[in-house]
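Remarks on the structure that follows.
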Amino acid sequence: MKLSRIAILSLLLVLAGGVALFLLLFERYSEEVDLGFGDTAQRNPFLAAEQFLDRLDISHRRADNIAALSTLGEDDALFLASSSQLYNSERLWELLDWVENGGQAIVVAHSSGGDNERDLLLQKLGLEVTHGDTDLYFNQQVREVFGEDAGKLRNKTASELMREHNRNLSEAKSDGEDDSEQRAATPEVEEPAAPRNPDIDPDRLINRTSDSGTSYELYFNPRKVFTHEMMGQGTDIDVDGSPLHWVPFQNIPTQSPLVFYERGRGRLTLLTDGEMWHNRRIGEFDHAYFLAHLVGERDLVMITRPRFDSLGTLIKRFALEFFVAGLLAIAAWIANRSRRFGPLVPAPASERRSLVEHIRACGYFYWRQNRGQALFEQARAPLLQKLAGHSANRLTPEKCRQLAETLAARTGLAAGDIFHTLWGDAPHSEDDFTARLRSIQIIEAAL
């Protein structure tokens, strides 16, 4: 009993010592783990932009669809996430008239590549959305490997690029000793400042300077760009008496991701990359500040996800109109089904074909079923029975000719025709069948 107490006491001392050492040597630290966007940010890709505008005290609200144009004032700003929402000419001219009266519109061009799809706004301005130039010359990672020679490596395969690179490395290694002395004599030059995003080629950035002198560095995804028939010859063109200005890339003057259209007292800003203000990209470069610059001190109305009223909502809203329309429809049905004054018009007689047509149709049917021979035999059998009695099958050819001459004298038919009709083979054509039946009728009438 005494031994067990000593063992328990020793175990407790060991545990206490272990806990003391753990607390003495344990160091607390915190680690931030990126769990991605929350549910609200996933449902609303412009949530970060809205929160940024809230910090700048810029009033903004969301609208359901393009019908909100009628509620905008001249001092408001409109953000339209897709130009396809201008689905007819009335909506297009409503937007242009509002801009002409002083409105500021920010529109993202939409183009899905369909052959039959029309974008009324782009068509009005003479613009087209096409795929941008994303060749190796503008790939920053390739530029870092191949340097200024990257422009000479266009349209080459990956194996050709690697062989060219290895050849340049071997040549540089052989000339290394000679270059070391020259580098020692050359004074050191300050290295340029590191780019804000090393994955983005600086040649792809667009720099805009406002009237107040503030500079904005922007990156537009080059996958989609604007083209115009006058690009490359200048940066401005007149559209309906208003200037249309585009901002091309530095090295590609025929492609532009950003267009400004000054109309009346307002301005329409058109761009190909609306994702620059999405949650994952608004923090890059000066995208957020450029949005605030475009909006200014106006009240912003954002149409990001068009939503139209459901049928149930429309029925509730226009319940009285639906009720009146239903009553009118019932009244019209009752008036249509009610009895009119005056006698009823007699029903027209059903169309029936004549007996001759019926007989002809039956004859054609039986003839197509190869039953003409049976019909002919049934038609002349009673006549032969009447002429020869029970000895009809035992008549000699001489007796048959004598009967044919006798009948020819009574009927006026030729004796040969009578003989052929009564004792010849069955007819094989429609005309022969009709002629023989007519002869049978004449013989029967004569007897």
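The values are calculated or read from the model by the stated rules, or taken from the named source; none is laboratory data. Small disclaimer: the values here were computed from a predicted structure and weren't measured. In this analysis, Cβ positions are derived from the backbone assuming ideal geometry, glycine residues included, and neighbour counts consider all displayed protein chains. These accessible areas exclude ligands, DNA and RNA; they are computed on the full protein's heavy atoms, side chains included. Shrake-Rupley method; radii C 1.70, N 1.55, O 1.52, S 1.80 Å.
Could you look through segment 222-260, keep only residues that are part of a strand (DSSP E or B) and of a type in the set (A, V, I, L, M), and pick out the one that is most open to solvent (accessible area, probe 1.4 Å)? Filtering segment 222-260 for residues that are part of a strand (DSSP E or B) and of a type in the set (A, V, I, L, M), the one most open to solvent (accessible area, probe 1.4 Å) comes out as ILE237. Here the condition is being charged (D, E, K, R) and free of Cβ contacts under 8 Å to residues at least 40 places away in the same chain; of ASP54, ASP75, it holds for ASP54 alone. Pairs linking a residue in segment 359-381 that is at pLDDT below 75 to a residue that is of a type in the set (Val, Ile, Thr), with Cβ atoms under 9 Å and 6 or more positions apart or on different chains, are GLY363/THR434.
The requirement of being touching a residue at least 24 places away in the same chain (Cβ under 8 Å), in contact with a Phe, Trp or Tyr (Cβ under 9 Å, 6 or more places away or on another chain), open to solvent by less than 50 Å² (accessible area, probe 1.4 Å) and assigned to a strand (DSSP E or B) is fulfilled nowhere in segment 276-299; no residue meets it.
Can you find a residue that is farther than 30 Å from ILE106 by Cβ and within 36 Å of the chain's Cα centre (by Cα) anywhere in segment 35-45? Checking segment 35-45: at least one residue is farther than 30 Å from ILE106 by Cβ and within 36 Å of the chain's Cα centre (by Cα). Scanning segment 217-247 for residues that are in contact with a Ser or Thr (Cβ under 7 Å, 6 or more places away or on another chain) and not basic (Lys, Arg) returns PHE220, PRO222, VAL225, PHE226, THR227, MET231, GLY232, HIS245, TRP246, VAL247. Can you confirm whether segment 84-101 contains a residue that is part of a strand (DSSP E or B) and within 30 Å of the chain's Cα centre (by Cα)? No - not one qualifying residue is present in segment 84-101. Restricting ASP57, ASP34, ASP64 to those that are in a loop (DSSP other than H, G, I, E, B), open to solvent by 60 Å² or more (accessible area, probe 1.4 Å) and either at pLDDT 90 or above or among the β-branched types (Val, Ile, Thr) (or both) reduces the list to ASP57.
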